[in-house]
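The values are calculated or read from the model by the stated rules, or taken from the named source; none is laboratory data. On a predicted model such as this, the values are computed, not experimentally measured, just so you know. Backbone-built Cβ (ideal geometry, glycine too); neighbour counts: all protein chains shown.
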Amino acid sequence: MNVLEKYFRAVEAKNSRLCVGLDTTLEKIPHTLASRGIDGMYKFNRQIIKATAPYAACYKINLAFYEQYGAEGFELVKKTLAQIPDDIVTIADAKRGDIGNTSKAYARAVFDDLKADAVTVSPYMGSDSVEPFLFGDKFVFVLALTSNVGSGDFQRLESNGKPLFMHVIEKACTWTPESKLGFVVGATHPDEIAEIRKVIPERLLLIPGVGTQGGDLEGTRKANGTSPYTINVSRDILYRTRNEDFAELAGERAKYYAEQMGK
């Protein structure tokens with residue numbers, strides 16, 4: 001079973017397209033856990049996963065939030081991933097992008113050591129920067145049109161009558177079949193999602209930006225139609241409160257989003 005098949009099974013079983021983002025930082029978790037440092041972060045993640053797993057088709061762990069704590073943070077990534085049930089897709093949000101042996105090393109770190117199902121990559125350096133990630137039954141999400149304000153600096157630049165992000169999508173689709181590669185497109189761009197779906201109706205999209213970033217959930221759902229996608233929500237689930245009932249409230253919020261998204 002490849003990652004795409006695993007995702008479809010999770011969507012069917014949970015009746016949800018929700019991806020829970022594990023962007024955990026000491027500054028935002030309950031004080032009683034923050035005072036315990038890395039161990040407190042682990043306990044926070046473990047409780048969040050337990051509370052939200054019934055409603056999650058995927059988990060996305062942003063490596064930067066852990067790498068800032070050095071070796072202990074990297075070990076925390078592995079311990080957190082080990083807590084995620086085997087039937088839920090795990091995405092290492094690494095945004096790697098380099099060539100040759102460097103990308104091969106990045107791929108080994110994400111897939112062999114962390115044992116993640118999927119990874120996010122930057123396509124700016126071209127096909128040989130993405131190819132090392134395309135092995136076995138793993139999955140790659142290529143950054144196309146991101147949810148941040150600065151996405152317009154480069155991603156919307158016109159070339160031959162089309163924005164750069166559309167060139168990225170069309171070119172990346174020639175590298176590997178839909179079973180191994182999809183794209184990151186922000187929920188802050190529902191109109192563009194509709195246009196993208198005319199070109200790639202069968203590719204899986206990872207869609208961040210709903211919740212704190214103000215992405216359009218309903219517009220995103222309509223733009224995708226029956227095409228495969230997963231919508232990531234991080235802060236609006238993780239940080240409902242800094243009190244002891246944080247996990248309970250996170251579970252309730254995850255349930256809300258799962259119901260809104262459906263399958």
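Remark: pairs (first residue in region 1-19, assigned to a helix (DSSP H, G or I); second residue hydroxyl-bearing (S, T, Y); Cβ separation under 9 Å; 6+ apart in sequence or on different chains) = V3/S179; L4/S179; E5/S179; Y7/T230; A10/S16; V11/T230; K14/Y55. Scan region 95-109 and tell me whether some residue there is within 17 Å of W175 (Cα to Cα), surrounded by 15 or more Cβ atoms within 10 Å (Cβ to Cβ), modelled with pLDDT of 95 or more and of a type in the set (A, V, I, L, M). Checked region 95-109: at least one residue is within 17 Å of W175 (Cα to Cα), surrounded by 15 or more Cβ atoms within 10 Å (Cβ to Cβ), modelled with pLDDT of 95 or more and of a type in the set (A, V, I, L, M).
Residues checked against (1) touching a residue at least 40 places away in the same chain (Cβ under 8 Å); (2) within 22 Å of I91 (Cα to Cα); (3) over 20 Å from the mean Cα position of the chain (by Cα):
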{"position": "R221", "(1), (2), (3)": "yes, yes, no"}
{"position": "S227", "(1), (2), (3)": "no, yes, no"}
{"position": "T230", "(1), (2), (3)": "yes, yes, no"}
{"position": "S234", "(1), (2), (3)": "yes, yes, no"}
{"position": "E244", "(1), (2), (3)": "yes, no, yes"}
{"position": "L249", "(1), (2), (3)": "no, no, yes"}
{"position": "Y257", "(1), (2), (3)": "yes, yes, no"}
{"position": "M261", "(1), (2), (3)": "yes, yes, no"}
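Can you confirm whether R17 is within 20 Å of N232 (Cβ to Cβ) and of a type in the set (D, E, K, R)? For R17, the condition - within 20 Å of N232 (Cβ to Cβ) and of a type in the set (D, E, K, R) - is met. The number of residues in region 29-63 being touching a residue at least 60 places away in the same chain (Cβ under 8 Å), surrounded by fewer than 15 Cβ atoms within 10 Å (Cβ to Cβ) and over 19 Å from the mean Cα position of the chain (by Cα) comes to 2. If I filter region 186-208 for residues that are outside any helix (DSSP H, G or I), at pLDDT below 95, touching a helix residue (DSSP H, G or I) at 6+ places or on another chain (Cβ under 6 Å) and over 30 Å from Y42 (Cα atoms), do I get at least one hit? Within region 186-208, not a single residue is outside any helix (DSSP H, G or I), at pLDDT below 95, touching a helix residue (DSSP H, G or I) at 6+ places or on another chain (Cβ under 6 Å) and over 30 Å from Y42 (Cα atoms). Scanning region 222-236 for residues that are outside any loop (DSSP other than H, G, I, E, B) and touching a Gly at 6+ places or on another chain (Cβ under 7 Å) returns N232, V233, R235, D236. Total residues in region 165-179 satisfying the condition of being in a loop (DSSP other than H, G, I, E, B), under 19 Å from V110 (Cβ atoms) and hydrophobic (A, V, I, L, M, F, W, C): the figure is 1. Answer with yes or no whether T226 is polar (S, T, N, Q), loosely packed, with under 15 Cβ neighbours inside 10 Å and under 20 Å from G21 (Cβ atoms). Against the criterion (polar (S, T, N, Q), loosely packed, with under 15 Cβ neighbours inside 10 Å and under 20 Å from G21 (Cβ atoms)), T226 does not qualify. In region 113-142, what residues are touching a Pro at 6+ places or on another chain (Cβ under 9 Å) and buried (at least 21 other Cβ atoms within 10 Å of the Cβ)? Scanning region 113-142 gives V130, V142.
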